[in-house]
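The values are calculated or read from the model by the stated rules, or taken from the named source; none is laboratory data. These figures come from a predicted structure and were not determined experimentally. Cβ placement follows ideal geometry from the backbone for every residue including glycine, while neighbour counts extend to all protein chains displayed. Quick note on the areas: whole protein, heavy atoms, side chains included, nothing else; ligands and nucleic acids left out. Shrake-Rupley method; radii C 1.70, N 1.55, O 1.52, S 1.80 Å.
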There are 2 protein chains.
Amino acid sequence: MLDLEFTIQEGKLYMLQTRVGKRTGIAAVKIAVDMVKEGLISKQEAVQRIGPDQLAQYLYPIFDSQEEARANPLGKGLPAGPGAAAGKIALTPDRAVDMKTAGNRVILVRQETSPDDIHGMNASAGFLTARGGMTSHAAVVARQMGKVCVAGCEAVEVLDSQTVRVGTKTFREGEYVSINGSNGNVYEGDIPVVESEIIQVIQGKLDPKRSDKYQRFSTILAWADGFRKLRVRANADVPEQGRIARGFGAEGIGLCRTEHMFFAEDRTPIMQKMILARTKEEREKYLGQLLPLQKQDFVGLYREMQGFPVTIRLLDPPLHEFLPKREELMVEIAQLELTGCDRARLQEKRQLLARVEELHEFNPMLGLRGCRLGITMPEITRMQARAIMEAACELAKENKKIVPEIMIPLVGMVSEMKAQKDLVREVAQETMKRHNIKFSYLVGTMIELPRAAVTADLIAQEAEFFSFGTNDLTQTTFGFSRDDAAKFIDHYRTSHIMELDPFAVLDQEGVGSLMRQAIVAGQKTRPGIKLGICGEHGGDPSSVEFCHLLGLDYVSCSPYRVAIARLAAAHAALAEEHEKTTRKLPLRLTAKPRKAGHRGRRIPSSNARKTR
Amino acid sequence: MLDLEFTIQEGKLYMLQTRVGKRTGIAAVKIAVDMVKEGLISKQEAVQRIGPDQLAQYLYPIFDSQEEARANPLGKGLPAGPGAAAGKIALTPDRAVDMKTAGNRVILVRQETSPDDIHGMNASAGFLTARGGMTSHAAVVARQMGKVCVAGCEAVEVLDSQTVRVGTKTFREGEYVSINGSNGNVYEGDIPVVESEIIQVIQGKLDPKRSDKYQRFSTILAWADGFRKLRVRANADVPEQGRIARGFGAEGIGLCRTEHMFFAEDRTPIMQKMILARTKEEREKYLGQLLPLQKQDFVGLYREMQGFPVTIRLLDPPLHEFLPKREELMVEIAQLELTGCDRARLQEKRQLLARVEELHEFNPMLGLRGCRLGITMPEITRMQARAIMEAACELAKENKKIVPEIMIPLVGMVSEMKAQKDLVREVAQETMKRHNIKFSYLVGTMIELPRAAVTADLIAQEAEFFSFGTNDLTQTTFGFSRDDAAKFIDHYRTSHIMELDPFAVLDQEGVGSLMRQAIVAGQKTRPGIKLGICGEHGGDPSSVEFCHLLGLDYVSCSPYRVAIARLAAAHAALAEEHEKTTRKLPLRLTAKPRKAGHRGRRIPSSNARKTR
């Protein structure tokens, strides 16, 4: 589809210029699929003509374009969870739940979100936060849940528990706001939203045969699958997310974050009691209550994945994430002391604070988390290993094939890996013996610390697979906190210190160099070791291309990015093929892209030239 | 000096066995020096017979041994600042200052210390903390100031603002306690302390000619200097520390932390105003007030160092370290709200809290600090560069030789290095022009992030020297927070996950591997680039040996560890010589010591076999 410019002068036609016409992603797919059917281009050309990010337009609800054009933006934040959503403002997660229960569409507006807000986030159509970057809690959860999110919108100021200002306009809770998570705009009022047909099909609300859009979307992806070499998995924590991931064509789960199962409302109290327990025995009692719940989660996930691999990561976050906030307790205690009426409550809060103080850390990201939890409290690892294996036994008894992949987080030393692996193996053997059943399973690790990357040859002596946790690896390689860095990353980008946010687009020069070292060293010790990536980068096209060049086996990304990753993986394979045949460049690991500074420029691919 | 076992049987003498006799460090030096004088051993043998850590015994005050034997320990913490100290308990830094002013010896007892406590730490003979590891704030400051410190003593419980319990005994502020920072013991009462003669000489309180101990100490070190190849510098922030460093033979300052100059009582208020400033203009006003103070500090340091190099690091810590604590402000505000009497004060506190909230970070270690400050607020870098150059001009006018080395902290990308270097160069040229004077200076960087290590070839395009900041590099390589990791590092050591604290003894396998990469890459870009280390490891003998093998130009350590580093550097050179001649091992960078797990075993050195 081309724009043509021409003129007719003195009866003669002059063709002045022609260029590829601009089109939306949805139009691009339709044109490409139609042209293949008309025999004008090959399937490969069709696949190469669609930019992976263009597929995203299929997936998100969008505002009615005429209505949005009429609306006046009150402020602009980061487009952290694409799509469009409109609803009544809720300022706390509890009120979001109440408003949703009463039948409203809800937009949760917060200074920033935390794991405590999950129930409110679940109840909302979208989130709007005043603080936080592209990988803040709200942003990551939004992309994983497939919700709309505008994060770090400086125009937002929560005035009190009932009112919030956005730019020039002050809203009371319950008034309507509309957010566009694809461009970051925030509008007053209730702009009509058009739902994605693809999502409706995947959720079983629309017959795929009745959606031309879905048919074309699937066609392009099926063609893409014929070219790609990378497998594509999804990061999914609960069966529901697993089902959506399968709908998008995920070939397994690359990261199940087991802690997310504990944030459910009925489980947090047990988890809190477990953390507050003073003795191992007391801790084991509460872990025993969590065991059947966790087992059922895994059974559900395994079922959804129908034999595809499921990688389960053991408990990772610092424990105080499950407890009330320290400063809030301190304020509450100071207030109780002054009013002096409720002695029992004061006593209780003081005890809670004492434990929170014990767990308090100056830099929780670098503290007691990951495998450090499982090593200092082996009973947690034991419970989780048992839940994973019990669930696998249940499916094995139904003659369903299942190969659990158990992943130890935040390993920096082979001694940590060995200690946790020994523990997991012990529980696994014992569980299989008790059920009189045998099947294979893998115990591997995240590579998410620089030390793990540079000692990967040693770690591979114990680890049966590596999964690159590039979120954390980016944090420690740069010394950037995901939660805090947005402030100066923005400044760095405007002043051209760096061109791209390394939490969104993999830093090939620094983080990539450590990945490369880890792969070479790991393969030396354990030839053919299974390699994957499960950071947010697994869904970013240029990062997927890099992963292909590194020779990874799979990328794992948010369920909603699976289709994008499938297409990006096809592009990567085709681009490599093209370079091989035309330029004879050194390929794979030896092809080390290097540029001055962290510019993170995308590797030029043949398709980039063709589709732009 | 040997122990001999013999017997006489039926008039015949049987020599049964003999072994090297145990001796204190002080005795070891005396024996070695005497034996050289008697022509029994060579100077090299004498040097090799003294373990570097044995020299430490010369430097610290010790308890009267009979009195200590009689005393009953109430608890045991980490021996974080060696030596012995006794004094009256102060529970806040302000009271420590008051008690010291009233003529008392003071022991500051705290839950943990922070930069706000510096004035109280200065006034105290020693610190006792309930929390924190070998590299907690109290421990690091103690070793740098040469104060006694017992850190992380679990027996300590601060009960209220007036009382503290240590084990079974409850103390009121002002009662006597005695702490042994060499073994971690805490005693009741006032045990008499014997001062170090070496320190007395260096402080000018004792004529060196009147101290045999000092003579022998200097003799061994002079002999050691004849063998070593590494230069030894000191980490010193103020002229006083520089003088002590010179007394111990430091050949320059490897790290001057400029922020320590701002913690002085007359400067913190200006610093706070600078941070709270809303505009660049306002910030520049307060920076202008800090400029002459900072310049005078540098003049003092240069003078003390008598032409030796002085490496000055630009502002590094997160700014909220200079402000009141967030949770304390929140509590204060909650109290003011309830009592409701002081409206003006409430308003002021709320404004302060708002700014503190803006600066608040979840992981300050990975936040807005290091060169990120200088890049987002270039006026800070400008002020500091000007102070450094003005001071150098002043000395140059007196015809004193001075080569300032300006160090950019926390660089991860060459673009950061370039931006800061350009700024420094601009100010430097302008200052020299104004004073009509010209001299050379260097602009280099810390290598303290994994990304800096793996992209060192690029960073060396701009950086004129590298100084390995192994404290931070250990934090990011392991993903361990120095302030928080003590808890699980202790567990890791008792359960043999790791044998040594990587903050005390350099992790050659992981951190060392990154250092090696950085050196190879940096030298490739800039042959002969000056290389040093300025982390706490610069004063640890096995780490000094590793630095020698890496081919660094110098190590920089706490002033009180300079003598130890000098001896360790001699041992390293002699051991390498020995290996070269006897075993023909590959040497320097190619000698890559590798063991399974982070065991951090010391490189076997010939001397280790001889002196044990």
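Filtering the range A:414-442 down to residues that are of a type in the set (D, E) and more than 13 Å from chain B (Cβ to nearest Cβ), which residue is surrounded by the most Cβ atoms within 10 Å (Cβ to Cβ)? Don't jump to the end; show me each part of the working.
Restricting attention to the range A:414-442, the residues satisfying the condition of being of a type in the set (D, E) are A:416, A:422, A:426, A:430.
With more than 13 Å from chain B (Cβ to nearest Cβ) added as a condition, the list becomes A:426, A:430.
Working: A:E426: 12, A:E430: 14.
Looking at the filtered set, the residue picked out is A:E430.
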Requested in this report: Only helices (runs of 4 or more DSSP H) wholly contained in the range A:307-413 count here; list those with 2 or more residues that are open to solvent by 10 Å² or more (accessible area, probe 1.4 Å), farther than 22 Å from A:F466 by Cα and within 11 Å of chain B (Cβ to nearest Cβ).
Outcome: A:326-339, A:343-359
Query raised in the report: Is at least one residue of the range A:446-460 in a loop (DSSP other than H, G, I, E, B), at pLDDT 95 or above and away from chain B (no Cβ under 11 Å)?
Result: yes
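I'd like the full set of residues that are of a type in the set (S, T, Y), touching a residue at least 60 places away in the same chain (Cβ under 8 Å) and within 16 Å of B:I191 (Cβ to Cβ), limited to the range B:53-102. Show your work before the answer.
Of all residues in the range B:53-102, those of a type in the set (S, T, Y) come to B:58, B:60, B:65, B:92, B:101.
Now restrict to residues that are touching a residue at least 60 places away in the same chain (Cβ under 8 Å): B:58, B:60, B:92.
Scanning the range B:53-102 gives a single hit, B:Y60.
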Report summary line: Subset of the range A:507-539, residues within 13 Å of another protein chain (Cβ to nearest Cβ), within 28 Å of A:A138 (Cα to Cα) and either open to solvent by less than 10 Å² (accessible area, probe 1.4 Å) or among the aromatic types (F, W, Y) (or both), comes to A:D507, A:G510, A:V511, A:G512, A:M515
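Checking the conditions here, which among B:I191, B:I179 is modelled with pLDDT of 95 or more and in contact with a helix residue (DSSP H, G or I) (Cβ under 7 Å, 6 or more places away or on another chain)? Break it down into steps so the answer makes sense when it comes.
Values: B:I179 fails: in contact with a helix residue (DSSP H, G or I) (Cβ under 7 Å, 6 or more places away or on another chain).
Exactly one residue qualifies, and that residue is B:I191.
Here is a yes/no grid of residues against (1) in contact (Cβ under 8 Å) with a residue 60 or more places away in the chain; (2) within 24 Å of the chain's Cα centre (by Cα):
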position	(1), (2)
B:I388	yes, yes
B:P404	yes, yes
B:H435	no, no
B:V443	no, yes
B:L449	no, yes
Query raised in the report: So which residues in the range B:491-526 are of a type outside the set (A, V, I, L, M), closer than 18 Å to B:A151 by Cα and in contact (Cβ under 8 Å) with a residue 24 or more places away in the chain, if there are any at all?
Result: B:D501, B:P502, B:F503
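Evaluate the following for B:D483: is it charged (D, E, K, R), open to solvent by 10 Å² or more (accessible area, probe 1.4 Å) and under 29 Å from B:V148 (Cα atoms)? First the steps, then the outcome.
Numbers: charged (D, E, K, R): yes; open to solvent by 10 Å² or more (accessible area, probe 1.4 Å): yes; under 29 Å from B:V148 (Cα atoms): yes.
Answer is yes for this residue.
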Report task. For B:L550, indicate whether it is under 22 Å from the mean Cα position of the chain (by Cα), within 14 Å of chain A (Cβ to nearest Cβ) and of a type in the set (A, V, I, L, M, F, W, C). Result -> no
Requested in this report: Within the range B:287-303, identify whether any single residue is touching a strand residue (DSSP E or B) at 6+ places or on another chain (Cβ under 8 Å) and within 27 Å of B:Q200 (Cβ to Cβ), and answer yes or no.
Outcome: yes
**Report entry** Scope the range A:189-211; condition in contact (Cβ under 8 Å) with a residue 24 or more places away in the chain, open to solvent by less than 50 Å² (accessible area, probe 1.4 Å) and of a type in the set (S, T, N, Q); matching residues
**Finding:** A:S196
Report summary line: Selection from the range B:114-136 of residues assigned to a helix (DSSP H, G or I), open to solvent by 10 Å² or more (accessible area, probe 1.4 Å) and modelled with pLDDT of 85 or more yields B:I118, B:H119, B:N122
Report summary line: Checking B:I62, B:I8, B:I26 in turn, the sole residue that is out of contact with any Pro (no Cβ under 7 Å at 6 or more places or on another chain) and modelled with pLDDT of 95 or more turns out to be B:I8
Query - The one condition in (1) crowded, with 22+ Cβ neighbours inside 10 Å; (2) under 30 Å from B:G83 (Cα atoms) that B:S495 fails to fulfil - result: (1)
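Evaluate the following for A:E284: is it in contact (Cβ under 8 Å) with a residue 40 or more places away in the chain, over 20 Å from A:D116 (Cβ atoms), in contact with a Pro (Cβ under 7 Å, 6 or more places away or on another chain) and assigned to a helix (DSSP H, G or I)?
Working: in contact (Cβ under 8 Å) with a residue 40 or more places away in the chain: yes; over 20 Å from A:D116 (Cβ atoms): yes; in contact with a Pro (Cβ under 7 Å, 6 or more places away or on another chain): no; assigned to a helix (DSSP H, G or I): yes.
The answer is no for A:E284.
Checking the conditions here, which among B:D266, B:D297 is more than 14 Å from chain A (Cβ to nearest Cβ) and either surrounded by fewer than 18 Cβ atoms within 10 Å (Cβ to Cβ) or out of contact with any helix residue (DSSP H, G or I) (no Cβ under 6 Å at 6 or more places or on another chain) (or both)?
Numbers: B:D297 fails: either surrounded by fewer than 18 Cβ atoms within 10 Å (Cβ to Cβ) or out of contact with any helix residue (DSSP H, G or I) (no Cβ under 6 Å at 6 or more places or on another chain) (or both).
Of B:D266, B:D297, the one residue that is more than 14 Å from chain A (Cβ to nearest Cβ) and either surrounded by fewer than 18 Cβ atoms within 10 Å (Cβ to Cβ) or out of contact with any helix residue (DSSP H, G or I) (no Cβ under 6 Å at 6 or more places or on another chain) (or both) is B:D266.
Consider the range A:560-577. How many of its residues are surrounded by 24 or more Cβ atoms within 10 Å (Cβ to Cβ) and touching a Phe, Trp or Tyr at 6+ places or on another chain (Cβ under 6 Å)? So that I can check it myself, show each step before the final result.
So the first thing to find is which residues in the range A:560-577 are surrounded by 24 or more Cβ atoms within 10 Å (Cβ to Cβ), and the list is A:560-572.
Next cut, touching a Phe, Trp or Tyr at 6+ places or on another chain (Cβ under 6 Å) only: A:562-563, A:570.
Looking only at that region, the number is 3.
A quick yes/no check of all residues on (1) part of a helix (DSSP H, G or I); (2) not small (G, A, S):
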{"position": "A:K30", "(1), (2)": "yes, yes"}
{"position": "A:V33", "(1), (2)": "yes, yes"}
{"position": "A:L40", "(1), (2)": "no, yes"}
{"position": "A:A46", "(1), (2)": "yes, no"}
{"position": "A:Q54", "(1), (2)": "yes, yes"}
{"position": "A:Y60", "(1), (2)": "no, yes"}
{"position": "A:L74", "(1), (2)": "no, yes"}
Report task. Please work out if B:S178 is in contact with a strand residue (DSSP E or B) (Cβ under 7 Å, 6 or more places away or on another chain), hydroxyl-bearing (S, T, Y) and over 20 Å from B:A90 (Cβ atoms). Result -> no
Requested in this report: Could you figure out which of (1) in contact with a Ser or Thr (Cβ under 9 Å, 6 or more places away or on another chain); (2) at pLDDT 95 or above; (3) more than 14 Å from chain A (Cβ to nearest Cβ) isn't true of B:A504?
Outcome: (2)
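For the range A:166-182, state whether one or more residues are part of a loop (DSSP other than H, G, I, E, B) and among the basic types (K, R). Spell out how you get there, then give the answer.
Step one: filter the range A:166-182 for residues part of a loop (DSSP other than H, G, I, E, B), giving A:167-168, A:173-175, A:181-182.
Right, trim to among the basic types (K, R) and you get none.
Within the range A:166-182, not a single residue is part of a loop (DSSP other than H, G, I, E, B) and among the basic types (K, R).
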Report task. Of all residues in the range B:461-501, count the ones that are more than 9 Å from every other protein chain (Cβ to nearest Cβ), assigned to a loop (DSSP other than H, G, I, E, B) and over 22 Å from B:Q523 (Cα atoms). Result -> 3
Query raised in the report: Residues A:V186, A:V141: which one is modelled with pLDDT of 95 or more, buried (at least 20 other Cβ atoms within 10 Å of the Cβ) and hydrophobic (A, V, I, L, M, F, W, C)?
Result: A:V186
